[in-house]
1. Each residue of the stretch 333-344 in turn: what ³J(HN,Hα) in whole Hz from Karplus with 6.51, -1.76, 1.60 and θ = phi - 60°, glycine and Pro shown as x?
2. Rounded if a/c is under 1.5, else prolate if a/b is larger than b/c, else oblate: which is the chain, with a ≥ b ≥ c the root eigenvalues of its Cα gyration tensor?
3. Relative contact order for the stretch 191-280: what is it in percent, counting Cα pairs under 8 Å that are at least 6 residues apart?
4. Over the chain, calculate the relative contact order: mean separation of alpha carbon pairs under 8 Å at least 6 apart, over the residue count, as a percent.
5. Amide H of residue 90: which non-local residues (sequence gap of 5 or more, or other chain) have their own amide H closer than 5 Å, using H built in the peptide plane?
6. With all protein chains present, calculate the accessible area of residue 128 using a 1.4 Å probe and round the result to the nearest 10 Å².
7. Let's test the formula: R0 of 45 Å, r as the Cβ-Cβ distance of residue 89 and residue 247. What FRET efficiency results, to the nearest 0.05?
8. Averaged per residue, what accessible area in Å² does the stretch 191-329 show with a 1.4 Å probe, protein chains only?
Amino acid sequence: MKLCLQNVNVRNKRVILRVDYNVPVQDGVILDDSKIKETLETIGYLLSENCKVIILSHFGKIRNEYDKQKYSLNIVAERLKELLGREVYFSKENFGEAVVERVNVLKPGEILMLENTRFMDLPNKLESKCDPQLSMFWASLGEVFVNDAFGTAHRRHASTYGISNYVESCIGFLMQKEIGMLNRLVLHPIHPFTVIMGGAKIDDKIKLIEALLPKCDHLLCGGGIANTCLSALGFNTGESLICTNPEIIEKVKQMLLKYKDKIMLPLDAIVGNTYDKNYVKYKLIQDIDQNEVILDIGTKTLQKYKYAIDASETIFLNGTVGMYENVKFANGTKELLTMLTNSKAIIVAGGGDAASSVHNFGFGNKFTYISSGGGATLEYLATGKLVALEAIEEEDSQIETLDM
């Protein structure tokens, strides 16, 4: 296991803390501050150790100067200040002499948040390409680096991976909890174990599906993943989103043959079409027309999936089974989540759209665990590794997880 914060001497030291504060914002208001709240345990510990805390995070994608105005972390610094009930200083810069000077006057027990790390992606993607000079600069600001940004730990960026090459490094409490929970609940689950896999692109999740199929008892499919499977079996999916990569399609065909007793696919669907935004119809899968688009699962599919859900002891949800953001196509996802929360099983949501849908329908407090990562969750479950942690020293002690 990677070196953990509690096993590193940080007392009275300058600590660089990498977090994931990539929160949703609309009209200047943070819509969901759960990512901020999830870091409070680590921050509280560092403050109790009398540390000087320098916070780094990305926020949005920075492609032009307008994006810099849109994605300043100042709004997040203000929210963190409210949650902590203490001052959080904010630097409009994240590189250069002004940052060094600001860090040098930081007192023990004080917090300084630097501006969005992805501002350094203009114009040469120094952050995203893990520029060594940028990595060394950020590393020079502290004496210890704590990576608590699970949601971006699958990316080899300067602020996630690069820093750890130049300064003593460890993982924070959120990172420990995420890895520990995924190890315990998903990689070593109580059986019967059911995986529900949805979302738009099977291309992004093929590694995860291949990793989980031998371990699970049932794989329930929805969204573009189900569409691709149905198309591979010869069903007409109309204009629905499917994978067209021949290599992946061949993998899908082999999986459908090898695991035919585990993989469950939709029997019916709610469809739209390509020329009328008000078009909504119920269709059996074998009756889909060429100009129709599958946008949700139907009642027969829900009944079919309920048998597997009711028999399960552990359920892992990744993605959604329909376009839940549109009320016309939200019923399948909502009803599926209702089934999950009414089941006796341990239920885990794998970050990303799965977590967003759970919170959207108000089921957040009914899940056993909701991962804060999207791509990071998938990568860890598929490979057992996270690239951002490669340079952090290993230790013998195991991460302890919460009792269920």
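1. In residue order, the calculated couplings are 5, 5, 5, 5, 5, 4, 4, 4, 6, 8, 7, 8 Hz.
2. prolate
3. Values: 113 pairs, mean separation 26.1, N = 90.
Here the relative contact order equals 29 percent.
4. On the way: 834 pairs, mean separation 68.7, N = 404.
This gives 17 percent for the chain.
5. 113
6. Only protein atoms counted, so the area is about 40 Å².
7. Working: r = 51 Å, r/R0 = 1.13.
Efficiency, from the Cβ-Cβ distance: 0.35.
8. Here the per-residue accessible area is 46 Å².
The values are calculated or read from the model by the stated rules, or taken from the named source; none is laboratory data. Values in this document were obtained by computation on a predicted structure and should not be read as measured data. Note that each Cβ is placed from the backbone with ideal geometry, even for glycine, and that neighbours are counted across all protein chains shown. Surface accessibility is based on the protein's heavy atoms, side chains included, excluding ligands, DNA and RNA. Shrake-Rupley method; radii C 1.70, N 1.55, O 1.52, S 1.80 Å.
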